[in-house]
Amino acid sequence: MTRDTIDSVLRALRRVNLQGSFFGQTVAIRFGLSESDIETLEALIDMGASTAGRLSELTGLTSGAVTRVIDRLEQAGFVRRVPDPTDRRRVIVEAIPEKVAAVQATLNRVGSASADEIGRYTDAQLALITDFLTRMEQITRDEAATLRENPGGGAGAADAEVAGSEHSAPLGGLTSAKLHIRSGLSSLRLRDGADPRELYRAAFEGATPQVRLRDGRVLVQYRGLPFDWRKRTATFGLNQAIPWTIEVVGGIQKVEADLRAVDVRRFDLTGGIERMQLELGRPQGEVAIRVVGGAKTIRVERPRGIAARVRVVGGNGGVTIDGQRLDQTGGPSMLETPSWGKSKDRIALDVVGGSKSIEIVDRP
């Protein structure tokens, strides 16, 4: 067997896993759940009632995270906590059949659609395929456990620091979304997405973060404190059809955002920034941009005639809006366009922690 053949099989397996993740995200959105909720519910459907500890082992979630998932599923009526019939001192979690029937039917769609393909193989071939998949399941579980126990070490971590990657998720039935990034980034680029069927598509250079979709929130989390954070860049294409809230926590060096075709309702950045450049489309109501931790330079371009206001707390080196200029001040300062007070569709920029230069201009 050649290395090319092995690589081809592994690539095909990764593609199946990726599509399975997308399918799970879509099912989660349909039933108003998170991806972790669906994964946990699917485990209960598959193996029956279980303890929270066993669910933690199967899903790879921490005990605290599993408890929160069970709480959500119980509140939504999908599961209940009951005494363990073999040891009434313990509590187990069981699915409520009549409630999970619709979820199970949706999850079974892939199995039903696959039946004809499975029928093409002999019993002996299917036994071989089952053996292979079972072994790969165990390998994947073992590797995931190793990464959880040693998140900062090993060859895998080194590879992740230099290898780029892409990530995306389907739009499903979402009507709004939030992008939340816990920064370990040097640079963030934002733009409109090319495929209307996708909620987002992201490309990462440097370390690859964990990306999760939960209840319309795209959660991006970098692990550890690597020394080469300056090499980390993320590029996100955001769906144009729904409103977005964007939040970056932890500070960042540079943000470049061409959001002219994206319906942005709010942009929060906490931890400070060197340079921010935003290109915005026509706002729907008030678009709030808030930077906490200070900024060196901020430039915002918007459609001609859109009202704008800038407030700075902590001193500024100069604020300009369409040629109006507020010179350097040491305390709180504010500058707004003449139409600010009577405009509903407008842009409000607040900076806490001071700035060197802020400019809001009409787009050329």
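Observations
Matching residues to (1) part of a helix (DSSP H, G or I); (2) modelled with pLDDT of 80 or more; (3) under 17 Å from Val16 (Cβ atoms):
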| residue | (1), (2), (3) |
| --- | --- |
| Thr106 | yes, yes, no |
| Glu117 | yes, yes, yes |
| Leu133 | yes, yes, yes |
| Thr140 | yes, no, yes |
| Leu147 | yes, no, no |
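- Being open to solvent by 10 Å² or more (accessible area, probe 1.4 Å), touching a residue at least 24 places away in the same chain (Cβ under 8 Å) and more than 24 Å from Arg191 (Cα to Cα) is a property that Lys356 has.
- When segment 47-72 is filtered for residues that are hydrophobic (A, V, I, L, M, F, W, C) and either open to solvent by less than 40 Å² (accessible area, probe 1.4 Å) or assigned to a helix (DSSP H, G or I) (or both), the ones remaining, listed by number, are Met47, Ala52, Leu55, Leu58, Leu61, Ala65, Val66, Val69, Ile70.
- Residue list for segment 2-23, restricted to those being under 24 Å from the mean Cα position of the chain (by Cα), hydrophobic (A, V, I, L, M, F, W, C) and farther than 15 Å from Pro170 by Cβ: Leu13, Val16
- Taken together, the residues in segment 326-353 that are at pLDDT below 90 and open to solvent by 70 Å² or more (accessible area, probe 1.4 Å) amount to 4.
- Sole exception among (1) modelled with pLDDT under 95; (2) open to solvent by 10 Å² or more (accessible area, probe 1.4 Å) for Val312, by number: (2)
- Whenever a residue of segment 83-97 is among the basic types (Lys, Arg), its partners that are open to solvent by 30 Å² or more (accessible area, probe 1.4 Å), lying with C-beta atoms within less than 7 angstrom and at least six residues away or across chains, give the pairs Arg90/Thr51.
- When each of Glu35, Glu57, Glu39, Glu74 is tested for being within 24 Å of Pro170 (Cα to Cα), of a type in the set (Asp, Glu) and free of Cβ contacts under 8 Å to residues at least 24 places away in the same chain, the lone residue that passes is Glu39.
- Which listed residue is of a type in the set (A, V, I, L, M), open to solvent by 80 Å² or more (accessible area, probe 1.4 Å) and either more than 15 Å from Leu107 (Cα to Cα) or more than 22 Å from the chain's Cα centre (by Cα) (or both), from Val91, Val82: Val91
- Qualifying residue in segment 3-25 (condition: at pLDDT below 80, touching a strand residue (DSSP E or B) at 6+ places or on another chain (Cβ under 8 Å) and of a type in the set (Ser, Thr, Tyr)): no
- Residues in segment 64-120 that are of a type in the set (Val, Ile, Thr) and within 18 Å of Ser34 (Cβ to Cβ): Val66, Thr67, Val69, Ile70, Val79, Val93, Val100, Val103, Thr106.
- Selection status of Ile289, surrounded by 15 or more Cβ atoms within 10 Å (Cβ to Cβ) and within 23 Å of Pro243 (Cα to Cα): yes
- For segment 11-27, the set of residues classified as farther than 19 Å from Glu198 by Cα and surrounded by fewer than 11 Cβ atoms within 10 Å (Cβ to Cβ) consists of Arg11, Ala12, Arg14, listed by residue number.
- Residue in segment 28-43 that is outside any helix (DSSP H, G or I), at pLDDT below 80 and open to solvent by less than 40 Å² (accessible area, probe 1.4 Å) present: yes
- Any chance Val361 is of a type in the set (A, V, I, L, M, F, W, C), under 19 Å from Arg282 (Cβ atoms) and touching a residue at least 60 places away in the same chain (Cβ under 8 Å): yes
The values are calculated or read from the model by the stated rules, or taken from the named source; none is laboratory data. Quick caveat, the model's predicted, so the values are computed rather than measured. As a convention, Cβ positions derive from the backbone with ideal geometry for all residues, glycine included, and neighbour counts pool all protein chains shown. Calculation scope for accessible area: heavy atoms of the full protein, side chains included, ligands and nucleic acids excluded. Shrake-Rupley method; radii C 1.70, N 1.55, O 1.52, S 1.80 Å.
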